[in-house]
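Notes to accompany the following structure.
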Amino acid sequence: MASLTPTARRVAASPGLGDVVKVYGPPTMLNLLGAAIVIAIGAGASLATAALLGSDLVPADSNPLTSWIHPDTTLLQDQPAVAHYLPLAGLLFVLIGALAALSALRNASSRVVLCRHGIAMATRRTTGAFAWSEVSSVKRRSQTSASTGADGRTTFNVVRWYTVVRTYDGRTFVLDSRHIGGGARKLGRIVQKSVRGAHRVSR
């Protein structure tokens with residue numbers, strides 16, 4: 001269970017929420033590790049491509065892979081511009097990894113607090129709370145990505161779980177796996193079940 005941040009603790013103390021049951025937070029270290037791997041792959045690809053093609057974007061005496069990879073100037077010899085700039089393609093992965101690391105650090109303090117009678121949220125976009133009895137609708141959603149294998153088959157993988165909660169007074173809360181990781185899926189089920197129970201009791 002993630003630890004309560006000062007802001008999350010304050011919001012969780014809102015009247016009517018009851019005791020804290022569980023605190024959800026993002027898998028920051030895992031996200032940073034993934035970002036570091038992407039950066040390493042991008043940097044390695046740039047250095048390897050520069051060494052193989054003999055690109056002077058990375059001088060041979062500054063490239064640690066030169067002693068491992070012998071240049072082959074016959075590759076792309078009809079397209080010298082491509083051979084010269086191709087190592088820059090790896091920098092795209094470096095940029096993606098850097099942005100992912102920045103996002104992980106920015107979301108590190110995000111917390112969603114499950115309380116006995118409601119939810120408290122303290123994320124970059126939302127700071128607030130709702131009790132089960134205040135909820136007008138709960139919609140659980142997911143986003144998938146498609147990939148095609150060598151055999152031509154397309155597989156779909158869930159890349160995001162989120163639950164949209166709307167209250168009777170017009171507020172909207174999104175319990176998003178981008179902020180609290182895989183726990184968002186289970187939390188969505190808990191919220192849906194708890195809201196149904198509260199509405200049955202109030203009838």
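The values are calculated or read from the model by the stated rules, or taken from the named source; none is laboratory data. Given the structure is predicted, the values throughout are model-derived calculations rather than measurements. Reconstructed Cβ throughout: ideal geometry from the backbone, glycine too, with neighbour counts over all protein chains shown. Accessible surface areas use protein heavy atoms only, side chains included; no ligands, DNA or RNA. Shrake-Rupley method; radii C 1.70, N 1.55, O 1.52, S 1.80 Å.
Observations on the structure shown:
- The set of residues in segment 121-151 being crowded, with 20+ Cβ neighbours inside 10 Å and outside any strand (DSSP E or B) consists of Thr123, Trp132.
- Single residue of Ser3, Ser55, Ser62 found to be surrounded by 16 or more Cβ atoms within 10 Å (Cβ to Cβ), free of Cβ contacts under 8 Å to residues at least 60 places away in the same chain and of a type outside the set (A, V, I, L, M): Ser55
- Members of segment 152-177 that are surrounded by fewer than 11 Cβ atoms within 10 Å (Cβ to Cβ) and under 18 Å from the mean Cα position of the chain (by Cα): Phe156, Asn157
- Members of segment 80-98 found to be among the hydrophobic types (A, V, I, L, M, F, W, C) and under 25 Å from the mean Cα position of the chain (by Cα), listed by number: Ala89, Leu91, Leu92, Phe93, Val94, Leu95, Ile96, Ala98
- Verdict on Leu92 being aliphatic (A, V, I, L, M), surrounded by 12 or more Cβ atoms within 10 Å (Cβ to Cβ), modelled with pLDDT under 95 and assigned to a loop (DSSP other than H, G, I, E, B): no
- Segment 68-79, subset open to solvent by less than 90 Å² (accessible area, probe 1.4 Å) and either in contact with a Pro (Cβ under 8 Å, 6 or more places away or on another chain) or of a type outside the set (A, V, I, L, M) (or both), residue modelled with the lowest pLDDT: Thr74
- Residues located in segment 155-201, provided they are under 16 Å from Gly118 (Cα atoms) and among the hydrophobic types (A, V, I, L, M, F, W, C): Val164, Val165, Phe173, Val174, Leu175, Ala184, Leu187, Ile190, Val191, Val195, Ala198, Val201
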